[in-house]
Each structure stands twice: as structure tokens, then as C-alpha cells.
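Below is one structure; the comments refer to it alone.
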Amino acid sequence: MDQLSNCPNCNEIFLKTKFREICQNCWKEEEKAYETVYQFIRKRENRAATMDQVVNATNVDEELILKFIKSGRLKLTQFPNLGYPCDKCGHIIRTGKLCDSCTEILKKELDIHHMEEERRVEIERREKQRTYFAVDGKLKRD
């Protein structure tokens, strides 16, 4: 549902939608920046440009270029030296949200958590199976 909001870039009031989270003027500026970046990197001699080279040649902020990449507007398959930072460690990646190293660490931590959870459930199951007897008013465990 649309709502009245302030633009995060210029603080102008605008109608925020699920498709646009900035005001019309800032959106137009982003579109111009996108065209500038795209026109630069689509030239054959610039396809292998690094992020720093693209930023310096186009005068477009790296944050905005990363936004274009993450939103899928710039396809990294065509530009081998571009990427974006891993959400956890900041290492430059080309797909997903985490680098391979952080993914492996997360998998290991999940495996450990899963094993600990299974162990806890097994201990609870064993506790429930124990039988207690009352002899002379005192509880004794079997």
C-alpha cells in the first residue's frame, strides 16, 4: 500500500510505493546515473573495468552502482571485474549474499546447532523414560 514518506536522499515528501522508495526527482537522477554507468561499461574496452575505474570514469557513487548490481539492473556475467560486498565480511562476491567462506562457516554453525538440538531432545527423551518407585514414602530411581 502506498504511503506518504520522506525521500531518504533529499528529504522531500513523496508517495512511497513498493516499486519506488525515493522521490521522482531523485529517481530521475538515479536513472541518469544508471545510463551513464551502463553506457560506460557496455563499451567493449570498458567491460573489464573494476569498480574503482567505473566510479572514476562516470562520477557515480559506488553505493549507487552497487544498488544497480544488487537490484539486477547490471548483470555481472557481462562484466567480469565488478562485484559487490559479502553481507557478513565485505569480501567482493558476484552471486548471493554471502561469500563461500562465510557460507561454509554458517553451514558448520548450523550443523553444530542441529547436533546440539538433537542431543538436547535425546536427553529429554531419556529423562521421560526413567521410572521412579516410591518405597516407604521415599522416591527411588530405577
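None of the figures in this text is laboratory data; all of them are computed from the coordinates on show. Note that the structure is a prediction, hence the values are computed from the model and not measured. FYI the Cβ positions are ideal-geometry reconstructions off the backbone, even for glycines, and counts take in every protein chain you see.
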Listed residues Thr36, Tyr84, Asn25: farthest to the positive end of the dipole of the chain (Cβ charges):
Tyr84
Sort Val37, Val121, Val55 by Cβ crowding within 10 Å, fewest neighbours at the top.
Val121, Val55, Val37
Show the residues, 5+ positions off or on another chain, whose built amide H is closer than 5 Å to the amide H of Ile92.
Cys86
Projecting the Cα atoms of Ile93, Val54, His113 onto the charge dipole of the chain, where Lys and Arg contribute +1 and Asp and Glu -1 at Cβ, the residue farthest towards the positive end is His113
As an exercise, take the mean of 1/r over every pair of distinct alpha carbons in the chain, invert it, and state the Kirkwood radius in angstroms.
20.0
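Any idea what the dipole of the chain comes to, in debye rounded to 20, about its Cα centre with Lys/Arg Cβ at +1 and Asp/Glu Cβ at -1?
On the way: 27 positive and 25 negative charges, 99 e Å.
Dipole size: approximately 480 debye.
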Would you kindly derive the ³J(HN,Hα) couplings of segment 72-87 from the backbone phi angles with the Karplus curve 6.51 cos²θ - 1.76 cosθ + 1.60 (θ = phi - 60°), listing them in order in whole Hz, with x for Gly and Pro?
x, 6, 10, 8, 5, 4, 8, 10, x, 9, 9, x, 9, x, 4, 5
